[in-house]
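A.B. asks: Attaching a single structure in structure tokens format; questions to follow.
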Amino acid sequence: MEKKLRFMFIVQGEGRGHLTQAISLAAMLRRHGHEVAETLVGKSHAREVPGFFRAKIGAPVRSYDAPSFIFKKDRKRLDKFKTVLYNMSPRKLKRYGESIETIHRRIKKVTPDVIINFYELLPALTQLRFRIDIPFVNIGHQYLLRHPDYGHGKGDAQSLMVLRLHTLLTGIGASKILALSFYPMKDFPREKIVVVPPLLRREVLELEPSEGDYILGYMLNQGFENEVRQWHNAHPETKLHFFWDKRDAPADLVVDEHFTLHRIDDEKFLHYMAGCRGYITTAGFESVCEAFYLNKPAMLIPAHTEQEINAADAASLRGAIVGESFDLSKLLDYMNTSRTFDHEAFRKWLLSAEEIFIRELTSVVE
């Protein structure tokens, strides 16, 4: 009989992807009789832990201060220099030290059998400092950068070096690394890497896609708002529904009868994803997978090196195109072409996820 295990999640709170991965995995584990006892979320200065996550993770949620991304004045692209400067200030380093203490204190209190780290840096540093005798399993698409057969780790050399270093550091002390991938690849045991399917929730898998009369967008960074508004002003006849995480915005900001800005709400987002004609986003891994599963044409606008790699990977499957701005005309043109995306192969790979994850996560405990 399979031993029932007690898990603890530690999740990067930047963006939506790692949070929805955690929700999906928690539900999988519970379906097999395991427990998710507590979830810690590394929260940057500019973000809040979304309400949908607290409502759906099914476990107590605590947050702690984690390193933040600092974006340029246009609030679109990452400012590498300011990000390093901000996070290395004595005040911030002191706060991160306190966060490491918090993580260690919660681990001792919760006493999990397995700790799942969704690409967070501070849990790895906690493991390095305290030598915790509990298996750590790391999950993230970024770990494919450590796989010798992965062909998309290209771009600005300096940014790529920082990304590779961050990915390496988050994996310190990991017993196993589960690298999320759009497609199957061989495992790489030397780096403890097992290649696994994306983590999508049951709500996504149960959606019935339809082709509505609108374009869906998701922009994590508010700086893209002006681009979208300018395009809409020039093309007012095209219906747009965009999601963003602006904290002081109303739930639904109706610009006019053809353009609405929604504050991020997971159920509402999936409803609009199922019915859209096409999708435009800043190339986060998770929502691209959702678009692929529902066979929606997508256009990706990377905001930093990690997203550039995601975008190149997705485009290689002929399921999306890559752009430099929220020029929806390019998406409309793409939607009118004949795509060669192998939707059935992607769907088959994705639906194998539950069996693979349960096997890999339970096997780390002797």
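A.B. asks: Considering the dipole of the chain built from charges on the beta carbon (Lys and Arg +1, Asp and Glu -1) around the Cα centre, which of 343, 303, 103 is farthest to its positive end?
C.D. replies: 103
A.B. asks: Taking all protein chains in place and a 1.4 Å probe, what share, in percent, of the accessible surface of the chain do carbon and sulfur account for?
C.D. replies: Numbers: 8260 of 16080 Å².
Reported share for carbon and sulfur atoms: 51 percent.
A.B. asks: If the convex hull of the alpha-carbon atoms of the range 239-366 is projected onto planes in all directions, what is the mean projected area in square nanometres? Display every interim value, and only then the final one.
C.D. replies: Numbers: hull surface 40.7 nm².
In nm², the orientation-averaged hull projection of the range 239-366 is 10.2.
A.B. asks: With a point put 7 Å past each Cα toward its Cβ, work out how far residue 98 is from residue 210 in nm, to one decimal.
C.D. replies: The modelled label-to-label distance comes out at 5.1 nm.
A.B. asks: Turning to a different aspect of this structure: Protein chains only, probe 1.4 Å: how do 316, 338, 89 rank by accessible area, largest first? Walk me through the numbers before you get to the answer.
C.D. replies: Numbers: 316 55, 338 110, 89 35 Å².
Ranking 316, 338, 89 by accessible area, largest first, yields 338, 316, 89.
A.B. asks: How far is helix 266-275 tilted off the main Cα axis of the chain, in degrees rounded to 10, range 0 to 90?
C.D. replies: Once rounded, the angle reads 40 degrees.
A.B. asks: Right, next: What's the angle, to the nearest 10 degrees (0 to 90), between helix 121-130's Cα axis and the longest principal axis of the chain?
C.D. replies: 10 degrees
A.B. asks: So which residue, out of 117, 336, 138, gets the largest mean-square fluctuation from a GNM of the chain using Cα contacts under 10 Å as springs?
C.D. replies: Between 117, 336, 138, it is 336 that shows the largest mean-square fluctuation.
A.B. asks: Going down the list 56/109; 92/192; 43/330; 56/330, which pairs span over 25 Å between their C-alpha atoms? Each step should come with its number before you reach the end.
C.D. replies: Numbers: 56/109 23 Å; 92/192 32 Å; 43/330 35 Å; 56/330 36 Å.
Violating the 25 Å Cα-Cα cut-off are 92/192; 43/330; 56/330.
A.B. asks: Which cross-chain or sequence-distant (5 or more) residues have an amide H under 5 Å from the amide H of residue 322, H modelled 1.01 Å from N in plane?
C.D. replies: Here 300 satisfy the definition.
A.B. asks: List every residue whose amide H lies under 5 Å from the amide H of residue 195, counting only residues 5 or more places away in sequence or on a different chain, with H placed 1.01 Å from N in the peptide plane.
C.D. replies: Those qualifying (amide H under 5 Å, at least 5 residues apart or on another chain) are 179, 187, 188.
A.B. asks: List, in order, the whole-Hz ³J(HN,Hα) value for each residue of the range 180-190 obtained from phi through the Karplus relation with A = 6.51, B = -1.76, C = 1.60 and θ = phi - 60°; use x for Gly and Pro.
C.D. replies: 5, 9, 5, 8, x, 9, 5, 5, 10, x, 4
A.B. asks: Round to the nearest 0.05 the FRET efficiency obtained for residue 265 and residue 131 when R0 = 45 Å and r is the Cβ-Cβ distance.
C.D. replies: It comes out at approximately 0.65.
A.B. asks: Could you check which residue among 236, 198, 135 shows the biggest mean-square fluctuation in a GNM of the chain with a 10 Å Cα cutoff?
C.D. replies: In the Gaussian network model the winner is 236.
A.B. asks: Which whole-angstrom value gives the distance between the alpha carbon centres of the range 124-145 and the range 174-235?
C.D. replies: About 23 Å separates the Cα centre of the range 124-145 from the one of the range 174-235.
A.B. asks: At 1.4 Å probe size, with no ligands or nucleic acids counted, give the accessible surface of residue 339 in Å², nearest ten.
C.D. replies: 60 Å²
A.B. asks: Then there is this: For residue 119, what residues show an amide H to amide H distance below 5 Å, using hydrogens built from the backbone and excluding near sequence neighbours?
C.D. replies: 139
A.B. asks: Please compute one quarter of the surface area of the Cα convex hull for the chain and express it in square nanometres.
C.D. replies: Dividing the Cα hull surface by four gives the mean projection, 17.8 nm².
The values are calculated or read from the model by the stated rules, or taken from the named source; none is laboratory data. Here the structure is a predicted model, which is why all the values come from computation and not from measurement. A quick note on method: Cβ atoms are made from the backbone with ideal geometry, for glycine too, and the neighbour counts reach across all protein chains shown. Heads up: the accessible areas ignore ligands, DNA and RNA and are worked out on the full protein's heavy atoms, side chains in. Shrake-Rupley method; radii C 1.70, N 1.55, O 1.52, S 1.80 Å.
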